[in-house]
Amino acid sequence: MDGKRPHQPGSAVTVYDDDHYYMASVIAEQLASEGYRVTLATPGMCVASWTEYTLEQRHIEKRLLNMGVEILTRHELSAVEAAGLRLADTLTGDTREHEGSVVSVTARLPRDELFDALKGKIPVRRIGDCFGPSIIAAAVYEGHRYAREFDVEIDPDGVPFNRTRYELQH
């Protein structure tokens, strides 16, 4: 290899989103800002469909379109080959050939190598992305929960820490 990046800005990249949250749109936006010709394909009915619950979906899709990202909804990745990839329309079954590279945002597999390496050597407990990648809010919650439970014997069927609920009197 001559030291050059195999795919230079200006080349085509398809971001395939089968995660349906924000990550694929962030990757597509970054690649577009670096000058790549970006297509974002998803089997969903819109880009980042889970963000409809956070009121971000419309803003994300609008920003991508303004950056020149081509959006293909209702398309599944059917093949990746040396020359490019093939996408299949989930309604008609028709396929489209795309040149360039593919970035796949799909399975959320756990990263528990450190847990496995330490298990049996020191007391350890799984939290956060050890179960599977998640959003920052989930990581903050997991860290907070672990800190509250640090010196507590955990009942797997019980409430991990005391939550006092108060009723306001009218």
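The values are calculated or read from the model by the stated rules, or taken from the named source; none is laboratory data. Owing to the predicted nature of the structure, the values given are computational and were not obtained by experimental measurement. All Cβ positions, even for glycine, are placed from backbone atoms using ideal geometry, and neighbour counts span all protein chains on display.
Just to be sure I understand the filter: pairs with C-beta atoms under 6 Å, separated by 6 or more residues or on different chains, first member in the stretch 63-76 and part of a strand (DSSP E or B), second member polar (S, T, N, Q) and at pLDDT 95 or above. Which pairs pass?
Glu70/Thr39; Glu76/Thr90
Looking at Ala88, is it crowded, with 16+ Cβ neighbours inside 10 Å, farther than 30 Å from Ala137 by Cβ and without any contact (Cβ under 8 Å) to a residue 24 or more places away in the chain?
It is true that Ala88 is crowded, with 16+ Cβ neighbours inside 10 Å, farther than 30 Å from Ala137 by Cβ and without any contact (Cβ under 8 Å) to a residue 24 or more places away in the chain.
Could you check Ala48 against (1) among the small types (Gly, Ala, Ser); (2) farther than 21 Å from Gly100 by Cβ; (3) modelled with pLDDT of 95 or more and say which number it fails?
(3)
Of the residues Tyr36, Tyr53, Tyr16, which single one is free of Cβ contacts under 8 Å to residues at least 60 places away in the same chain, among the aromatic types (Phe, Trp, Tyr) and crowded, with 20+ Cβ neighbours inside 10 Å?
Answer to the selection: Tyr36.
Restricting attention to the stretch 127-144, which residues are on the phi < 0 side of the Ramachandran plot, of a type outside the set (Val, Ile, Thr) and exposed (fewer than 14 other Cβ atoms within 10 Å of the Cβ)?
The answer is Ala137, Gly143, His144.
Take Thr106 and decide whether it is modelled with pLDDT under 95 and polar (S, T, N, Q).
So Thr106 passes the test.
Could you look through the stretch 99-128, keep only residues that are outside any loop (DSSP other than H, G, I, E, B) and of a type in the set (S, T, N, Q), and pick out the one that is farthest from Ser49 (Cα to Cα)?
Ser101
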